[in-house]
1. Could you tell me the accessible area of E125 in Å² (1.4 Å probe, neighbours in place), rounded to the nearest ten?
2. Using 7 Å Cα-to-Cβ label points, what is the R22/L67 separation (nm, one decimal)?
3. Once you sort the root eigenvalues of the Cα gyration tensor of the range 1-120 as a ≥ b ≥ c, which label holds: rounded (a/c under 1.5), prolate (a/b larger than b/c) or oblate (the other case)?
4. I want to verify a result. In a Gaussian network model of the chain, Cα cutoff 10 Å, which of these has the top mean-square fluctuation: P175, P147, P159?
5. Over the chain, what is the relative contact order in whole percent, taking alpha-carbon pairs under 8 Å and six or more residues apart?
6. Between A35 and D117, what length comes free when the chain is fully extended (0.36 nm per residue of separation minus the Cα-Cα distance, one decimal in nm)?
7. GNM on the chain, C-alpha springs below 10 Å: top fluctuator among A94, A30, A168?
8. Report in % the part of the accessible area of the chain that belongs to carbon and sulfur, leaving out ligands and nucleic acids; probe 1.4 Å.
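The values are calculated or read from the model by the stated rules, or taken from the named source; none is laboratory data. Quick caveat, the model's predicted, so the values are computed rather than measured. All Cβ positions, even for glycine, are placed from backbone atoms using ideal geometry, and neighbour counts span all protein chains on display. Accessible surface areas use protein heavy atoms only, side chains included; no ligands, DNA or RNA. Shrake-Rupley method; radii C 1.70, N 1.55, O 1.52, S 1.80 Å.
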Amino acid sequence: MNFYSKRGPMPQRIPRIPLLERKDVPPDTAALYDALLAQRGVVPNMFKVLAYSPGIAQGVAGFLRALLSDGALTGWYKELVAVRISILLESEYAITAHEASARKKGASEEQIAAVADFERGPYSEKEKLGFQLADRLHRGPREVDNPFYAELKSSFADPELVELFLTAAAFEMFPRFIDGLHIPVTPLPAAK
C-alpha cells in the first residue's frame, strides 16, 4: 500500500451501499463489468456501487475512458494529476487505483513515488506547473489567478489546459463520492 496520509491509512469500513456483483446487475451493466474486467483486470468497486444507476455507470465509464486516455496530455500524466488530488483528499482508494493506472500507462516508479513531493520529483517544469494547478484548484478556483493562468498559458496549449483542468476538477469529485460511501479499496489484479 502506498498511501500518503499524515494520519495513516483509512480504517476498514463497511460499505454504506452493498457492492453489486455481476450476477446482480442487468445485462447492459454486466457488459460494462466485462469491459472493465478486460481493460483493468478487475471491476473497480466504485462501479459496483454506480451499477445501482446503470445509465450513470455507463456515462462515468465513458467519461473516464475519454478523460484518462492519451489525448492532448499523456494518460499517465493525467493519472498522476489524479493521484495528486487524491493525496490532497487523503483517499486511499483513489491513490491506489490511479497509481496502478499510471503504472500501466507508462509512468515510472520514481514518478509515481514523487507525486506527494512533486517539486523535487523527476518531472519537467511544465509537469510541475500542472501539479501546482491541481493544488490551487483543490484550494479553490480563485487560487487560479490571472498571473498564474498566464504562466499556465505560456506552457500549455488550449487542448492541454482543458484536459488538465478537467482532470484536476474531476478527481475532486470521485474520491468524495467513494470515501463518503465507504467504498472499499479495489484489490489490484494479480501481476501477470
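1. 130
2. Each label point lies 7 Å from its Cα, and together they span 2.6 nm.
3. It comes out oblate by the Cα gyration axes.
4. The residue with the greatest mean-square fluctuation here is P147.
5. Dividing the mean separation by the residue count of the chain yields 30 percent.
6. This chain segment gains 26.1 nm when fully extended.
7. A30
8. Solvent-exposed carbon and sulfur of the chain make up 58 percent of the total.
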